[in-house]
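Chemist: Handing you this structure, nothing more for now.
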Amino acid sequence: QVQLVESGGGLVQAGGSLRLSCVASGSRFSNKGMSWYRQAPGKQRELVAAITSGGSTNYADSVKGRFTISRDNAKNTLYLQMNNLKPEDTGVYSCAVSIYGQGTYWGQGTQVTVSS
């Protein structure tokens, strides 16, 4: 059974930093792309960053230059380093992995709140 568990969210002032973690279990993840999404109140969920099994990354334009996605395959852990946070970064951040033939798995999410 695939499980994704996020941690690291919290309340931070604008300009601050947070590091999110997502620990994965129940499958082999080193050969799969993984992603971070966020959902702000009243808005649709949006892709924040993604990383392939080979380490290639892509980012939403709104976070380029401030956020960094990375992975530690030995620990089955996905990270999102968030610097220079802005109030508009507030939302629930979730990690996700798509497995062929099974669909997409999501974590429960971790709340990030950035105060101005």
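Chemist: Looking at the stretch 28-94, I'd like the Rg to Rh ratio, where Rg is from alpha-carbon atoms and Rh is Kirkwood's inverse mean 1/r.
Modeler: That ratio is 0.98, to two decimals.
Chemist: How large a share of the accessible area of the chain, in percent, is made up of carbon and sulfur atoms when the probe is 1.4 Å and the other protein chains stay in place?
Modeler: Of the solvent-accessible surface of the chain, carbon and sulfur hold 45 percent.
Chemist: Relative contact order for the stretch 65-116 using alpha-carbon pairs under 8 Å, separation at least 6, rounded to a whole percent?
Modeler: Worked out over the stretch 65-116, it gives 31 percent.
Chemist: In percent, what relative contact order does the chain have, based on Cα pairs under 8 Å that are 6 or more apart in sequence?
Modeler: On the way: 285 pairs, mean separation 41.5, N = 116.
So the answer I get is 36 percent.
Chemist: Using the Cα centre as the reference, give the magnitude of the dipole from point charges on the C-beta atoms of the stretch 1-49 (Lys, Arg: +1; Asp, Glu: -1; all else neutral), rounded to the nearest 20 debye.
Modeler: Numbers: 6 positive and 2 negative charges, 21 e Å.
Dipole magnitude for the stretch 1-49 comes out near 100 debye.
Chemist: Another one. Relative to the Cα centre, what is the charge dipole magnitude of the stretch 62-116, using +1 at the beta carbon of each Lys and Arg, -1 at the beta carbon of each Asp and Glu, and rounding to the nearest 20 debye?
Modeler: Dipole about the Cα centre, nearest 20: 120 debye.
Chemist: So with the 1.4 Å probe, I'd like the accessible area per residue for the stretch 69-114, rounded to whole Å².
Modeler: 47
Chemist: Could you sort the peptides 85-96, 51-62, 101-112 by per-residue average Cβ neighbour count (10 Å cutoff), highest mean leading?
Modeler: Put in order of decreasing packing, that is 85-96, 101-112, 51-62.
Chemist: Below 25 Å Cα-Cα, how many Lys pairs turn up in the chain? Only count pairs eight or more apart in sequence, or on different chains, if you could.
Modeler: On the way: Lys32/Lys64; Lys32/Lys75; Lys43/Lys64; Lys43/Lys86; Lys64/Lys86.
The result is 5.
The values are calculated or read from the model by the stated rules, or taken from the named source; none is laboratory data. Keep in mind that what you see is a predicted model, and the values were worked out from it rather than measured. Here the Cβ is made from the backbone with ideal geometry for all residues, glycine too, and neighbour counts use every protein chain on show. Protein only, heavy atoms only, side chains kept; ligands, DNA and RNA dropped before computing areas. Shrake-Rupley method; radii C 1.70, N 1.55, O 1.52, S 1.80 Å.
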